[in-house]
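Each remark here refers to the structure printed beneath this line.
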Amino acid sequence: MATLGDRSSKNSGRVWHVPDVLSAEGMHGVMAGLNTIVVFPHKPIKADGQEPHCETTGNVNLHCVESYSWLWGRHARKLVNEALGTFLSLQAAVQDEGPTNCKPTLVKKCRGYRSMIQACIEEMNNELESCGDILSENMKNDLNTNCQLLYKMELVLSLVEILFIDTKPGGCVLNQLVGWIRLHFPGAMTKLEAARAHDHPHQHPHYWEAAYGLVLQGQMDEVRQLLQLHPSANSDSFLSMDELLRKMPTYQPYGGVTESEFNVRWQHWQLECERRLQEQHFSTSHQLTNICQILCGEEQTLLSHLDLMDTWYHLMVSTLLFRNPTVRLFRLHAAAQDALMAVGGLAHTTTLDQMLLAAMEADAHQVIKHSQQVMDHAWFGAHLTDLLYHTLGHKSEHKFLGDLRESLLLDYAEVLVGHPSLWQVGILYLDHCGPQGVAMQEVVLERLPLTDDSKAQKVIQMAEDREMDHVVVSLCRVMGRKALAQSRLGAAVWWGVRSRDAAFTSHLAHQILHKYIAEGKFESSALLDNLGPAMLLSDTLTFLGKYREFHTLYTEGNYQEAAHLLISLISSRLAPEYFWPILLVDSLPLLKADEPVISTEQTYELMYCLHNLCDNTKNRNKSSPLESETAQAAFSAKESEIRLALTNNLARAVIHEGSLET
């Protein structure tokens with residue numbers, strides 16, 4: 001494996017440099033796997049088409065370049081595996097419920113994805129806190145980078161849930177957006193806890209910052225609790241502020257109050273805030289004055305606390321909270337533009353900002369497009385698009401989501417199948433990618449390295465579950481030939497039978513017979529005893545299975561049946577000619593039995609076989625001379641005895657059969 005260093009590029013995020021002195025004039029590469037390229041030094045072809053003269057001395061190195069994904073790290077493995085279960089259950093639920101009735105399921109699954117991301121962030125943060133002293137700087141940087149990436153994923157996914165999936169009647173979104181801000185900007189709550197833990201909370205440097213931050217996030221109960229910790233909590237100004245905070249109306253679409261009624265209450269409450277501000281109820285505390293100005297929705301006061309809000313979308317939500325609490329979804333984009341202009345305009349936005357802005361414009365295509373640029377993460381793009389497809393795909397203006405979903409799922413699955421232990425997850429995603437997914441499954445299953453029988457069984461089971469018979473046959477052939485190369489004849493026969501390859505199984509049966517001739521024992525006799533109908537795959541395998549059955553009958557003392565089977569094997573010509581001597585030697589104990597078990601006709605059949613064997617001695621099969629010589633030697637030593645036994649058995653059989661007729 002080559003050691004690669006990276007250097008920055010203005011055209012792409014990362015360029016890998018292969019440290020090879022011979023690569024100065026160029027390199028070529030060839031695909032060596034699903035996610036692997038082998039690169040090597042190569043001089044460019046001359047203009048006249050001639051190969052350049054090579055003067056290189058010494059060794060030329062081949063460099064194996066493998067793609068790496070954060071998904072392959074241990075922190076993401078749980079995310080990958082849990083997301084698979086959620087993804088598959090979502091597909092099944094949508095199929096059962098129909099595309100127009102699955103909103104509750106989509107909301108549940110989206111929150112499931114978000115909880116997985118949050119758990120992954122928490123795990124990495126815990127590692128940074130507990131093992132920070134022993135981690136290298138590179139590992140710390142990687143963990144921090146991944147935490148930021150996952151934070152962005154969860155931020156976007158939660159906004160998509162609000163604006164696309166879990167939409168409310170009439171398009172009222174402010175309460176959900178306030179919850180979104182509270183979740184992703186917990187700084188105010190952190191300062192609140194720090195102030196509470198202080199011996200004198202009002203003297204804590206973040207006391208009033210916590211109060212402002214909580215007000216900007218609409219957490220009025222927490223603000224009131226914080227103000228109660230102030231020594232002046234019972235003064236007129238603090239009591240007046242407490243009353244305003246307690247009476248602040250909140251619009252609930254299902255609260256039993258119409259929008260017009262709420263607007264009347266809101267106007268009365270905000271007029272009361274303005275009146276008390278004008279009457280200088282808070283003149284003794286400029287901090288309370290600041291809070292009252294926020295409650296009145298004064299734009300300059302809101303902007304003056306921009307450092308407590310960090311982002312334009314926090315500013316947008318806080319502004320709407322006090323200036324337009326019944327904002328509709330279709331007006332959200334205008335509010336977002338105003339907030340962006342307040343913090344510097346579009347010129348200072350990042351791709352993440354553009355993605356959030358696209359979500360507020362209800363532009364699903366742009367959300368997905370920007371997510372690919374921001375996240376650079378196949379996992380997020382695939383699952384985000386899948387959620388949007390099931391939410392919007394049945395609408396005519398969003399028909400493009402079907403093809404886009406399939407493409408991104410293919411990209412994600414391609415990453416997974418290149419990993420030695422995640423390939424099964426990738427195969428399951430490909431089940432939902434239409435014809436292209438099936439085609440990729442076939443390619444992947446055929447090219448996966450079959451390192452052992454266990455993995456081969458898993459791969460073949462995957463192919464069988466998808467009725468890819470040609471893939472199953474191909475894989476079984478590969479495993480059969482691998483077992484044969486390792487001299488594991490029993491395993492090779494098993495794989496050959498599974499592949500239904502008659503020529504290969506016939507070759508293996510011959511190998512077992514030759515080994516039996518040489519060693520006098522069978523390879524994997526248990527397997528041969530349980531071939532069942534599979535023995536019919538080839539004549540030689542059929543003979544091998546029946547010959548094992550003959551041995552079983554003879555061992556159990558069923559001499560009559562054993563003799564009948566042995567003669568049938570000889571008369572049917574299933575037995576290879578090089579094995580005839582063994583069959584004749586096997587017949588000797590039966591010919592010498594106390595009671596004749598071989599009939600007259602069967603004895604003639606044995607004599608005919610013996611005659612042919614002697615006549616064809618010079619033309620005997622030479623493909624395995626050692627085994628043939630061994631069999632011939634065993635036969636030659638017994639030939640006279642066999643002839644005598646045949647003669648005696650014929651006489652006994654004639655007498656026995658004649659007595660039965662009488």
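Points to keep in mind about this one:
- Accessible-area order (highest first, 1.4 angstrom probe) of the listed residues Asp338, Asp586: Asp338, Asp586
- q = 0.12 Å⁻¹: log10 I(q)/I(0) that the Debye formula gives for the range 210-327, counting C-alpha atoms only: -0.42
- With the whole protein complex present, Ile134 retains an accessible surface near 140 Å², based on a 1.4 Å probe.
- Scaled radius of gyration (Cα, divided by 2.2 N^0.38 Å) that the range 313-445 gives: 1.31
- Per residue, the chain reaches -21000 deg cm²/dmol at 222 nm when only DSSP H runs of four or more residues are counted, each adding -39500 (n - 2.57).
- Accessible carbon and sulfur surface of the chain relative to its total accessible area, %, 1.4 Å: 50 percent
- Fraction in percent of alpha-carbon pairs per bin - 10 Å, the chain: 3, 11, 15, 14, 13, 11, 9, 8, 6, 5, 3, 2, 1, 0
- Translational diffusion of the range 117-203 was estimated from the Stokes-Einstein equation, with Rh taken as the Kirkwood radius over Cα pairs; at 25 °C and 0.890 mPa s the coefficient is 156 µm²/s.
- Rule-of-thumb Rg ratio for the range 461-517 [Cα; 2.2 N^0.38 Å; N residues]: 1.17
- The range 145-263 has equivalent-ellipsoid semi-axes of 30, 24, 7 Å, by the square roots of 5 times the alpha carbon gyration tensor eigenvalues, sorted largest first.
- Semi-axis lengths, Å, the range 394-536, gyration tensor of Cα atoms, sqrt of 5 times eigenvalues: 41, 14, 10
- In the calculated pair-distance distribution of the range 246-292, the portion above 16 angstrom amounts to 48 percent of the Cα-Cα pairs.
- Placing Tyr389, Tyr608 in order of accessible area, with the largest value first and a 1.4 Å probe, yields Tyr608, Tyr389.
- For the chain, the solvent-accessible area works out to 50 Å² per residue, with a probe of 1.4 Å and every protein chain left in place.
- Out-of-range pairs (alpha-carbon distance over 19 Å; input Lys108/Lys369; Lys168/Lys247; Lys455/Lys521; Lys515/Lys546): Lys108/Lys369; Lys168/Lys247; Lys455/Lys521
- Extents of the range 342-396, taken as max minus min of Cα coordinates on every principal axis and listed largest first, are 38, 25, 12 Å.
- Per-residue SASA entry for Cys609, accessible area with 1.4 Å probe, Å² rounded to 10: 10 Å²
- Accessible-area value, Ser599, 1.4 Å probe, nucleic acids and ligands omitted, Å²: 40 Å²
The values are calculated or read from the model by the stated rules, or taken from the named source; none is laboratory data. What you are looking at is a predicted structure, and each value in this text was computed from that prediction instead of being measured. To get the accessible areas, we keep the full protein, side chains included, count just its heavy atoms, and leave off ligands, DNA and RNA. Shrake-Rupley method; radii C 1.70, N 1.55, O 1.52, S 1.80 Å.
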